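Remarks on the structure that follows.
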Amino acid sequence: MPSTFLGLNTGMSGLTYFQGALNTTAHNISNANTEGYSRQKIMATASEALRMHQSYGMMGTGVSSYSIDRLRNSFYDNKYWASNNRYSKYNTQSENLSKLQTYMNEISNDSGYSKWISLMSSAIQDVADNPSNNTTRITYTLTADSYTDMINELANNFQITQKTINDEVELAVSEINSLSKQIYELTQQIISIELKGANANDLRDKRGVCIDKLSEYVDIDVQERSIMYGVGTEQVKSEAEALCIRIDGAILVDEMEYKELMVVPRNECVNQTDVEGLVDIYWKCPDGTPGEKFNSTKTEGRISGLFDIRDGNNGEAFSGTILAKTDNPPSVRVQVDSPIHVDKLNIPSQGSIRLNGREYLYDGWKADYDKDGNLTNFVFENMTMLNEKRVEVTAEFPNNMVGHSAVIGEKNQVKGIPYYMARLNEMVRTFSRYMNDLTTSGVDANGEDGLDMYTAKDVYGNDFVLKDTMVGNGTITSSSQSYYRLTALNWELNSQWKSDPSKVVVSYKKDIEQGDIEARPILDKMMFGLTDSSMFEQGTLSQYMQSITTNMAVDISKVTTFSANQDDIRHTIDNQRTSVCGVDENEEASELVKFQNLYGLASKVISVLNEVYDKLINQTGV
């Protein structure tokens, strides 16, 4: 037998439900433009019916509201995070390569190296027309020196960009740590609320925004699992879920803790022209010391894009096999996988090398070379290592390391700053060797042996003497004078050529001895050298520089296209996600009117029943 007031309770349940629906709709409308907000919906079901034990069976008792759920699809979230970090990676590459292209364009336009070659040809011709005139010689040296200044400025700008990217890496790590802390704190609040049976909808939305931002920096693996009560086979699921985020295969955040990354400056350079202070990323131990190294080459996102441009070498990292070791003093001999020409050698004179997976530091090296200038065997000397407290100590080698790999740096397949700096270094060395071989085969205006035209200064401010270096077979060291010591950063015209026009070489000794002061065979060969297509594999000097510019333009076009494609994919997925969880103003307005009418009807039910009960109680039998 139902209660006399069942109808009133039934109407009241509807009134309560529609009041909640109106409040939820109002909440949706208020957050229509809130970042990361998910549309919410009040969930209800028919209340438990009463058994009437009559022919009509059961009688309904109204509606029960059991939760307010947010409308969210984790499938779209995961797809969005995957496309977001790929977009961020390519976009970062595109931005930084475009900076490098700006610097390259400055020397490749009408006032760059093309114009310089024309001016150099004119200056050589002026000296050839009047070899004894000091004015033409001075103009010639100034023109020759201007090209070295141009390359120096380009290389310096590349280094500045590398330093800027390095600073961005530090900022990115700081942002990752901040996001991981926020996600952990929000997860704790969510678990606390949901263990009590409630839904932490708005907190989950805030956490989702943090995860979206985190996916810009690294490739993330996000998983949620139910928190269990009890032990063993008696475990039951609770209403709460624990979140676990992994990056680089390791846990960044879970319900127990959050971990942090840290940047650690390298003890030594990896490439010859790297700027000092480049950092690597490590997991931070509880005591604040670096733990395991974070592998930035096996992730996606902004971190990967920054490292690609900062460290990208097109896979041209030094690699070889350990042939022998010496314990006192510590040194190793390494056979390179393939001979390296000295003009293409870009390992630092002091740096780090990974032997059989363990990092060591060396204080210098020496290498065997053949008659063509190819280096085959390297001996890395005075080696040290970092102990567990990252204190530098004398290297200790395991007995079984011979025959294992030796690697300097990582084989990053992207053409980044190290790759383009290596190409500039190769140009500097090859062009200098070509010109120096000509000038040192002749004599100056005083009949003295000609000096190297292009060189660099040692630590004492003296010009390197490159004549007769690496002739035949032999051995060079990292500190000996050779073309290895020339880079795009320190390249310059011989200081004596700058200060004394008589040092300019135009003739061979026999011409001067024969009194032919107007002879100019060396100048003729220099002029030919400016357009000699055999100087580089790519052709002439101008063609070589153009190949660098073209490679960069192709790479920028490629990553820009990838970035645009990923951006389209990202927006498409985000639109799909928004179609599920987004707030549509027209739909909410329609819901508002619908629930308003239903609320009015529920009120009408109570009003009608109120009249019925008034009649029944107050007026019946009176």
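The values are calculated or read from the model by the stated rules, or taken from the named source; none is laboratory data. This is a predicted model, so every value here is computed, not measured. Note that we place each Cβ from the backbone using ideal geometry, even for glycine, and neighbour counts take in every protein chain shown. Side chains are part of the model used for accessible areas, which takes the heavy atoms of the whole protein and leaves out ligands, DNA and RNA. Shrake-Rupley method; radii C 1.70, N 1.55, O 1.52, S 1.80 Å.
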Residue set Ser47, Ser30, Ser64; condition without any contact (Cβ under 8 Å) to a residue 12 or more places away in the chain and either surrounded by 14 or more Cβ atoms within 10 Å (Cβ to Cβ) or on the phi < 0 side of the Ramachandran plot (or both); output residue Ser30
Only one of Val218, Val231 is of a type outside the set (Asp, Glu) and touching a residue at least 60 places away in the same chain (Cβ under 8 Å). Can you tell me which? Val218
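Here are Asp437, Asp458: which of them is free of Cβ contacts under 8 Å to residues at least 40 places away in the same chain, open to solvent by 60 Å² or more (accessible area, probe 1.4 Å) and of a type in the set (Asp, Glu)?
Working: Asp458 fails: open to solvent by 60 Å² or more (accessible area, probe 1.4 Å).
After applying the criteria, what remains is Asp437.
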Got at least one residue in the stretch 72-92 being surrounded by fewer than 16 Cβ atoms within 10 Å (Cβ to Cβ), within 30 Å of Ile303 (Cβ to Cβ) and touching a Ser or Thr at 6+ places or on another chain (Cβ under 8 Å)? no
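For residues that are in a helix (DSSP H, G or I) and of a type in the set (Val, Ile, Thr), scanning just the stretch 585-622, find the one that is least open to solvent (accessible area, probe 1.4 Å). First the steps, then the outcome.
Kept after step one, since they are in a helix (DSSP H, G or I), are these residues of the stretch 585-622: 585-619.
The next check asks that each one be of a type in the set (Val, Ile, Thr); those that pass are 593, 605-606, 608, 612, 617.
On the way: Val593: 78, Val605: 65, Ile606: 37, Val608: 68, Val612: 75, Ile617: 101 Å².
Here the residue is Ile606.
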Starting from the stretch 170-183, take each residue that is more than 16 Å from Asp248 (Cβ to Cβ) and list its partners that are not charged (D, E, K, R), counting only C-beta distances under 6 angstrom and pairs at least six apart or across chains. Glu170/Val263; Lys181/Tyr258; Gln182/Cys210; Ile183/Cys210; Ile183/Val253
So Leu424 ticks every box in (1) in a helix (DSSP H, G or I); (2) among the hydrophobic types (A, V, I, L, M, F, W, C); (3) without any contact (Cβ under 8 Å) to a residue 40 or more places away in the chain but one. Which box is left unticked? (3)
When the stretch 101-125 is examined, which residues are found to be touching a helix residue (DSSP H, G or I) at 6+ places or on another chain (Cβ under 6 Å) and under 30 Å from Arg570 (Cα atoms)? Gln101
Test set (1) surrounded by 14 or more Cβ atoms within 10 Å (Cβ to Cβ); (2) modelled with pLDDT of 90 or more; (3) farther than 26 Å from Leu97 by Cβ - Tyr544 fails condition number: (3)
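Can you confirm whether the stretch 65-72 contains a residue that is touching a helix residue (DSSP H, G or I) at 6+ places or on another chain (Cβ under 8 Å) and part of a helix (DSSP H, G or I)? Outline the logic, then answer.
The first filter runs over the stretch 65-72 and keeps only residues touching a helix residue (DSSP H, G or I) at 6+ places or on another chain (Cβ under 8 Å), leaving 65, 68-72.
Filter again for part of a helix (DSSP H, G or I), leaving none.
Scanning the stretch 65-72, I find no residue that is touching a helix residue (DSSP H, G or I) at 6+ places or on another chain (Cβ under 8 Å) and part of a helix (DSSP H, G or I), so the answer is no.
Taking the stretch 207-241, which residues are among the hydroxyl-bearing types (Ser, Thr, Tyr), closer than 20 Å to Ser192 by Cα and modelled with pLDDT of 80 or more?
Going through the stretch 207-241, the residues among the hydroxyl-bearing types (Ser, Thr, Tyr) turn out to be 215, 217, 226, 229, 233, 238.
If we keep only those that are closer than 20 Å to Ser192 by Cα too, we end up with 226, 229, 238.
If the condition is that a residue be among the hydroxyl-bearing types (Ser, Thr, Tyr), closer than 20 Å to Ser192 by Cα and modelled with pLDDT of 80 or more, then Ser226 is the only one that fits.
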Taking the condition of being of a type in the set (Gly, Ala, Ser), buried (at least 18 other Cβ atoms within 10 Å of the Cβ) and in a helix (DSSP H, G or I), how many residues in the stretch 182-215 meet it? 2
Out of all the residues in the stretch 99-157, which are free of Cβ contacts under 8 Å to residues at least 24 places away in the same chain, under 45 Å from the mean Cα position of the chain (by Cα) and not in a helix (DSSP H, G or I)? Asn109, Asp110, Ser111
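Being assigned to a loop (DSSP other than H, G, I, E, B) and among the polar types (S, T, N, Q) is the filter; apply it to the stretch 231-274 and report the residue that is least open to solvent (accessible area, probe 1.4 Å). Let's see the steps before the verdict.
Going through the stretch 231-274, the residues assigned to a loop (DSSP other than H, G, I, E, B) turn out to be 231, 235, 248-249, 254-257, 259-260, 266-268, 270-274.
Pick out the ones that are also among the polar types (S, T, N, Q) and you get 235, 267, 271-273.
Working: Gln235: 86, Asn267: 82, Asn271: 29, Gln272: 44, Thr273: 12 Å².
Out of the qualifying residues, it is Thr273.
Within the stretch 210-220, is even one residue more than 23 Å from the chain's Cα centre (by Cα) and not hydrophobic (A, V, I, L, M, F, W, C)?
no
In the set Leu22, Leu71, which member is among the aliphatic types (A, V, I, L, M) and touching a Cys at 6+ places or on another chain (Cβ under 7 Å)? Full working, then the answer.
Numbers: Leu22 fails: touching a Cys at 6+ places or on another chain (Cβ under 7 Å).
Among Leu22, Leu71, only Leu71 is among the aliphatic types (A, V, I, L, M) and touching a Cys at 6+ places or on another chain (Cβ under 7 Å).
Hey, among the residues in the stretch 313-358 that are touching a helix residue (DSSP H, G or I) at 6+ places or on another chain (Cβ under 6 Å) and at negative phi, which one's surrounded by the most Cβ atoms within 10 Å (Cβ to Cβ)? Explain how you work it out, then say what you get.
Let us first name the residues in the stretch 313-358 that are touching a helix residue (DSSP H, G or I) at 6+ places or on another chain (Cβ under 6 Å), namely 313-314, 342-346.
Narrowing the set further to residues that are at negative phi leaves 313, 342-346.
Values: Asn313: 24, Val342: 20, Asp343: 20, Lys344: 17, Leu345: 23, Asn346: 26.
My answer is Asn346.
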In the set Ile322, Ile309, Ile353, Ile303, the lone residue that is modelled with pLDDT of 90 or more, part of a strand (DSSP E or B) and either closer than 28 Å to Ile160 by Cα or among the basic types (Lys, Arg) (or both) is Ile353
